[in-house]
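For reference, the structure discussed in these notes is given below.
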Amino acid sequence: MKKHFFAISMGFIIAIACCVSCKNNKNIPELTQSALIPKPVQIVSNGSSFKLDKSTTIYINSDDSDVVFAADYLKKKLQLLTELDLSVKVNAPSSKKGIFLVLSDHSMDHVNGYQLEIGDKAVVATASNVTGLFYAIQTLVQIVPLDCANCKGKEDNYILPGGYIKDYPEYSYRAAMLDVGRHFFSVDDVKSYIDIISAFKMNYFHLHLSDDQGWRIEIKSWPKLTSVGSKSEVGDGKGGYFTQEDYKSIVKYASDRHITVIPEIDMPGHTNAALASYAKLNSDGKAKELYTGTEVGFSSLDVDNPITYEFIDDVISELAAITPGPYINIGGDESLATKKEDYIKFIEKVQKIVSSHGKTMIGWEEIANAKLDPSTLVGFWKEPENILKAAEQNLKVIMMPAHKAYLDMKYDSLTTIGYTWAGYIGVDTAYLWNPATLVPGIDKSNILGVEAPLWTETVTNRDEMQYMILPRIAGYAEIGWCNDSIKHWDDYKNRLGRLNNRFDLEGWNFYPSPVVPWSDEKGIKK
Ligand code: TNX
């Protein structure tokens, strides 16, 4: 990642300082009343306001490509939401009105933090890295008032309430997952998911790339994984897979939005698609049939066969080469067809393979039964006893509890997609939990962050995918970003209820939950 940026000219700073001034304006909503999710750490209204109109320019103080991308991202979002076509300029002429994106080498107190000041002449976002700047941009986009019905194209200016925001994340890991194994989703579907999570400042995207029902990533040294193993999915769909170029384009799209992709190849269970692709991976030497049902726990790699580890080494090696992020997830869940002692041996061997390719292993909670390296991360989804074993080994855990955070659970009894095995997860249930107190014996010091997984046995297309993630994903993002002490359901639901026009303008399908006071009748979608 290009971290280089120009030294900031004093002129730039002075010009900005002169521009941010306070002026009283009546009838302008307070900045503290903006519908911001996740809620910033500190918001102060100053009574002034900034008029965003077609003459507004976005100024940047660096020509670093990441900064240019961020400025362009802001321009495009504002264009989408308001139809205003703002220009972007590198370096500011003094005393100009505008939006200033400032990379400052004055370190923020917190990693990836930012500040945002809105005065009558200038909006100034300041951060010490581009990730912080990008988060400031996401906040700014949410400040643009869209609560009026059919705003877009009807106004030539948008009034931003004035004030000051200081913000930074509580947890360093805030993630969502998509299972493309049970049903395949296109590159564009995946990018639309990334768009949504980036709007709420999530920073990891976990992609579940293989399961019993399909293998979804090209592995050049094992071509039948895709020529055979990708051709099925749950039901009678045709499946599909990502070429390595597709995958790289997803990784790049995510990274431009300050999101790290974590690929998962599930093993030793959830491997029927691989076992159907290569007879030699099976202990009886016979290839399995492709599987299109929804049972779990029936398949296993042959843990005693050396070819299994050659296979895994090749797969991890190719995946590591196209994954710039530090993590590879090896699944390890529901390996009910693998004997416990074999499972433990297997996980310990796979951990060595992952680290031999320079990556850190992540797995579902069952892996904590093995002896793990101190850097390995463990994902809690169901059994406290597993996660306590992780804590005993001093490992960091990722909280993705099924009964709170599984995006494939139905909202309520009327939801037509999804499962109920972990309970209904309404928008309130999704929000009302604290990762640090959920499991007795686990506290904040054990937790790296929060993740919401979308399993797709019952989710077949982009509309359904968005319906299951929105609006619950906003709650998970807030849980990961905010200190628990500033989270309150009544306040949250009122902020969330004002985002429906944004969802509509973005073209994001969502569940218009009756527990949320949506801002107008457009929110009540059928
Ligand atoms: C459990 S959570 C699974 C998945 C299923 C999901 C359905 C976990 C690690 N395994 O294989 O898709 O339930 O909700």
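The values are calculated or read from the model by the stated rules, or taken from the named source; none is laboratory data. Note that the coordinates shown come from a computational prediction; the quantities given were computed from them, not determined experimentally. No Cβ is skipped: glycine too gets one built from the backbone with ideal geometry, and neighbour counts run over all protein chains shown. For the accessible areas, the whole protein counts, side chains as well, though only heavy atoms, and no ligand, DNA or RNA atoms are used. Shrake-Rupley method; radii C 1.70, N 1.55, O 1.52, S 1.80 Å.
Things worth noting here:
- If you check LYS2, LYS23, LYS39 for being in a loop (DSSP other than H, G, I, E, B), under 26 Å from HIS258 (Cα atoms) and at pLDDT below 95, only one passes: LYS2.
- Subset of the range 273-304 [at positive phi and more than 29 Å from the chain's Cα centre (by Cα)]: GLY285
- Conditions (1) open to solvent by 30 Å² or more (accessible area, probe 1.4 Å); (2) under 25 Å from the mean Cα position of the chain (by Cα); (3) acidic (Asp, Glu): number failed by ASP314: (2)
- Residues satisfying the stated conditions in the range 287-311, i.e. small (Gly, Ala, Ser) and open to solvent by 40 Å² or more (accessible area, probe 1.4 Å): ALA287
- The range 86-125: number of residues that are closer than 18 Å to PHE69 by Cβ and without any contact (Cβ under 8 Å) to a residue 40 or more places away in the chain: 6
- The range 370-384: number of residues that are within 14 Å of the ligand (Cβ to nearest atom) and more than 23 Å from the chain's Cα centre (by Cα): 1
- Top-ranked residue in the range 166-199 [being open to solvent by 10 Å² or more (accessible area, probe 1.4 Å) and part of a loop (DSSP other than H, G, I, E, B); ranked as nearest to the ligand (Cβ to nearest atom)]: HIS183
- Test: SER335 is within 16 Å of the ligand (Cβ to nearest atom), of a type outside the set (Phe, Trp, Tyr), in contact with a Gly (Cβ under 7 Å, 6 or more places away or on another chain) and over 20 Å from ILE387 (Cα atoms): no
- As a summary of the residue check, SER519 satisfies the conditions (1) open to solvent by 20 Å² or more (accessible area, probe 1.4 Å); (2) more than 20 Å from the chain's Cα centre (by Cα); (3) modelled with pLDDT of 95 or more except for the one numbered (3).
- Selection count, the range 228-255, where residues are open to solvent by 30 Å² or more (accessible area, probe 1.4 Å), at pLDDT 95 or above and away from the ligand (no atom under 16 Å from the Cβ): 12
Residue by residue, here is whether (1) modelled with pLDDT under 95; (2) in contact with a strand residue (DSSP E or B) (Cβ under 8 Å, 6 or more places away or on another chain) holds:
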{"site": "LYS97", "(1), (2)": "yes, yes"}
{"site": "LEU103", "(1), (2)": "yes, yes"}
{"site": "ASP109", "(1), (2)": "yes, no"}
{"site": "GLY113", "(1), (2)": "no, yes"}
{"site": "LEU116", "(1), (2)": "no, yes"}
{"site": "GLY119", "(1), (2)": "no, yes"}
{"site": "VAL124", "(1), (2)": "no, yes"}
{"site": "VAL130", "(1), (2)": "no, yes"}
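- Residue within the range 498-507 that is assigned to a helix (DSSP H, G or I) and of a type in the set (A, V, I, L, M, F, W, C) present: yes
- Those helices (runs of 4 or more DSSP H) of the range 305-392 in which 3 or more residues are under 25 Å from LEU225 (Cα atoms) and touching a residue at least 60 places away in the same chain (Cβ under 8 Å) occupy 306-321, 340-356.
- Breaking point among (1) without any contact (Cβ under 8 Å) to a residue 12 or more places away in the chain; (2) under 30 Å from GLU392 (Cβ atoms), for THR420: (2)
Each row is one residue, and each column tells you yes or no for (1) open to solvent by 40 Å² or more (accessible area, probe 1.4 Å); (2) of a type in the set (A, V, I, L, M); (3) in contact with a Gly (Cβ under 8 Å, 6 or more places away or on another chain); (4) closer than 30 Å to GLU310 by Cα.
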site	(1), (2), (3), (4)
SER375	yes, no, no, yes
PHE380	no, no, no, yes
GLU385	yes, no, no, no
GLU392	yes, no, no, no
LEU414	yes, yes, no, no
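- Looking only at residues in the range 271-294 that are farther than 15 Å from LEU225 by Cα and touching a residue at least 12 places away in the same chain (Cβ under 8 Å), the one that is nearest to the ligand (Cβ to nearest atom) is THR294.
- For the range 230-280, the set of residues classified as under 30 Å from PHE69 (Cα atoms), in contact with a helix residue (DSSP H, G or I) (Cβ under 8 Å, 6 or more places away or on another chain) and part of a loop (DSSP other than H, G, I, E, B) consists of TYR241, ARG257, HIS258, ILE259, listed by residue number.
- Residue match in the range 479-488 (condition: open to solvent by 10 Å² or more (accessible area, probe 1.4 Å), among the aliphatic types (A, V, I, L, M) and in contact (Cβ under 8 Å) with a residue 12 or more places away in the chain): yes
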